[in-house]
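> Quick one: the structure is below, questions incoming.
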Amino acid sequence: MIDKVQALKEEIQAFKANKQEELETFRMKFISRKSDISVLFEGMKSLSVEEKKKLGPALNQLKQSAQERFKELIGIVESTKTASEGSHMDMTLPPIGATIGSMHPLSAIKNRIIEIFERIGFNVADGPEIEDDWHNFSALNFPENHPAREMQDTFFVERDPDIVLRTHTSNVQTRLMENNQPPLRSIMPGRVFRNEAISARAHCIFHQVEGIYIDKNVGFADLKQTIFHFAKEMFGKHTKIRFRPSYFPFTEPSAEVDISCNICQGKGCNICKYTGWVEIAGSGMVDPNVLSNCDIDPEEYTGFAFGMGIERITMLKYQIKDLRLFTENDVRFLKQFRSL
Ligand code: DAH
């Protein structure tokens with residue numbers, strides 16, 4: 001029997017396979033339940049204990065080498081298969097172009113906003129998305145019972161003392177002013193969070209860009225000129241702006257900024273609801289209380305601040321009517337921004 005084992009071993013090593021059928025022959029002869037090796041195992045039953053001890057390990061080794069060789073042969077057959085399939089390839093066919101992704105419109109507009117402000121001397125600052133009450137609210141002069149602090153607007157991470165998901169990028173203003181003395185000229189893009197039902201016009205996660213300029217003798221005219229410059233760069237040189245008096249706890253005076261509707265040039269359309277104007281930002285002169293809260297002397301320094309929604313600017317720029325499109329990851333939507 002040991003001779004038979006040796007003979008099979010040699011046969012296994014010498015076996016060659018290039019085709020699927022040859023693999024099958026190998027499998028039948030050396031692997032399957034009816035293989036020569038299985039027959040030998042079967043034959044063991046009638047042997048004496050002594051003989052079994054001798055033959056057992058040799059047979060096991062044989063079985064293992066059969067399995068290893070089988071794997072090798074499968075590899076060989078697979079590789080010849082692909083090589084021969086390759087020979088059927090029509091090399092004259094034009095190649096299928098690789099599909100390239102595109103920049104998300106919100107990223108493209110954020111980058112554009114940064115570019116516009118960087119050219120006029122603003123740098124980019126960053127701050128945390130999980131924020132304490134002081135930086136998100138108190139330092140910004142929010143009264144204790146201001147509605148923005150209520151549950152309907154704010155996602156609370158912890159209560160007493162409150163830790164929140166920042167409701168606006170104005171928290172970075174606070175941090176910037178606390179840690180640096182003027183002159184300060186920064187923009188602060190980032191994600192913000194509000195407990196709002198998701199609809200075509202609102203989302204619980206969106207993006208803002210905050211801007212701040214603090215120095216000696218900064219006035220409202222500087223704010224107007226900066227926003228005017230931005231609007232023309234972003235929406236075209238014929239864009240007009242107007243300021244509407246408004247209220248924010250952290251600015252005094254405060255104003256909302258409208259631009260002439262970039263779709264109808266102010267003639268009236270459904271985007272501007274036939275008013276000729278669309279809102280793009282909140283703004284104002286930084287309240288002296290906010291400056292003192294951040295250890296900046298309001299007698300010496302003044303400044304302006306503004307905040308705008310990146311979704312809003314992007315929707316106006318590309319006439320996107322539903323905010324949910326930004327987060328649905330529908331490639332048909334995203335593909336339209338390939339050129340950005
Ligand atoms: N934080 C305001 C908001 O989320 C936007 C804003 C308004 C920011 C006026 C400012 C500002 O810096 O001066 O609605």
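> With (1) at pLDDT 95 or above; (2) away from the ligand (no atom under 12 Å from the Cβ); (3) open to solvent by less than 60 Å² (accessible area, probe 1.4 Å) as the list, and residue 176 as the residue in question, which single condition is left unmet?
(2) is the only condition that residue 176 fails.
> I need the full set of residues from the range 20-59 which are under 14 Å from residue 9 (Cα atoms) and under 55 Å from the mean Cα position of the chain (by Cα), in order please.
26, 30, 31
> State whether the residues of the range 200-216 include one that is away from the ligand (no atom under 11 Å from the Cβ) and under 17 Å from residue 120 (Cα atoms).
yes
> From 19, 9, grab the single residue that is touching a helix residue (DSSP H, G or I) at 6+ places or on another chain (Cβ under 9 Å) and under 19 Å from residue 58 (Cβ atoms).
9
> What's the total number of residues in the range 147-173 that are over 24 Å from the mean Cα position of the chain (by Cα) and either surrounded by 14 or more Cβ atoms within 10 Å (Cβ to Cβ) or within 11 Å of the ligand (Cβ to nearest atom) (or both)?
Total meeting the criteria: 6.
> Which pairs do you get when a residue that is in a helix (DSSP H, G or I), found in the range 161-182, comes within reach of a residue that is open to solvent by 10 Å² or more (accessible area, probe 1.4 Å) and within 9 Å of the ligand (Cβ to nearest atom), reach meaning Cβ atoms under 7 angstrom, with the pair 6+ apart or on two chains?
Going by the 7 Å Cβ cut-off, the qualifying pairs are 170/250; 170/307.
> Just checking, does the range 227-243 include any residue being open to solvent by 20 Å² or more (accessible area, probe 1.4 Å), within 12 Å of the ligand (Cβ to nearest atom) and without any contact (Cβ under 8 Å) to a residue 60 or more places away in the chain?
yes
> Now a separate question. Among residues belonging to the range 257-290 that are within 30 Å of the chain's Cα centre (by Cα) and within 10 Å of the ligand (Cβ to nearest atom), point out the one that is nearest to residue 308 (Cα to Cα).
Filtering the range 257-290 for residues that are within 30 Å of the chain's Cα centre (by Cα) and within 10 Å of the ligand (Cβ to nearest atom), the one nearest to residue 308 (Cα to Cα) comes out as 281.
> Can we say residue 191 is within 16 Å of the ligand (Cβ to nearest atom), touching a residue at least 12 places away in the same chain (Cβ under 8 Å), in a helix (DSSP H, G or I) and not acidic (Asp, Glu)?
Details: within 16 Å of the ligand (Cβ to nearest atom): yes; touching a residue at least 12 places away in the same chain (Cβ under 8 Å): yes; in a helix (DSSP H, G or I): no; not acidic (Asp, Glu): yes.
No: the conditions fail for residue 191.
> Residues to consider are 323, 340, 316; find the one that is within 16 Å of the ligand (Cβ to nearest atom), under 22 Å from residue 189 (Cα atoms) and either at pLDDT below 95 or surrounded by fewer than 21 Cβ atoms within 10 Å (Cβ to Cβ) (or both).
Result: 323 is the single residue among 323, 340, 316 that is within 16 Å of the ligand (Cβ to nearest atom), under 22 Å from residue 189 (Cα atoms) and either at pLDDT below 95 or surrounded by fewer than 21 Cβ atoms within 10 Å (Cβ to Cβ) (or both).
The values are calculated or read from the model by the stated rules, or taken from the named source; none is laboratory data. This structure is a prediction, so every number in the text was calculated from the model and none was measured. Cβ sites come from the backbone with ideal geometry, for glycine too, and all protein chains shown count toward neighbours. Accessible surface is based on the protein model in full, side chains and every heavy atom, while ligands, DNA and RNA are left aside. Shrake-Rupley method; radii C 1.70, N 1.55, O 1.52, S 1.80 Å.
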